[in-house]
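Below is one structure; the comments refer to it alone.
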Amino acid sequence: MDDVKAPLLVLAGANDPRCPIRQIDNYLARLDARGADFSVYRFDAGHSSLVVDERIRQTEAQLDFARRHLGMD
């Protein structure tokens with residue numbers, strides 16, 4: 001947790017049985033408490049999504065995050 005120095009993007013499935021959303025929320029709360037730079041993209045699926053539109057939205061979130069943090073806005 002304290003070793004996180006770079007901006008972090010978290011993609012989280014609301015119904016993920018492998019990484020339960022409560023654990024993600026706890027992690028994000030700890031990051032927030034220490035002032036870490038992070039973004040969250042939540043989606044309504046499990047560990048991943050096979051829905052093409054959702055995969056496109058996730059890719060857009062990743063590209064937007066990279067653009068912001070690489071100064072490419």
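Name the trypsin sites (Lys or Arg not before Pro) in the range 18-62 that are in a loop by DSSP and that have at most 13 other C-beta atoms within 10 Å, would you?
Arg18, Arg34
Between Val40 and Val10, the built amide H atoms are under 5 Å apart, and every one of these is 5 or more places off in sequence or on another chain.
A simple charge model with +1 on the Cβ of Lys and Arg, -1 on the Cβ of Asp and Glu and nothing else charged puts the dipole of the chain at about 120 debye relative to its Cα centre. For the chain, evaluate the Debye formula with one uniform point scatterer on each Cα (no solvent term) and list log10 I(q)/I(0) at q = 0.11, 0.14, 0.18, 0.26 Å⁻¹, rounded to two decimals. One equal scatterer on each Cα of the chain leads to -0.30, -0.49, -0.78, -1.19.
Only the coordinates and a few stated rules stand behind these numbers; no lab work does. Since this is a predicted model, take the numbers as computed values, not measurements. Positions of Cβ are backbone-derived with ideal geometry, glycine not excepted, and every protein chain shown enters the neighbour counts.
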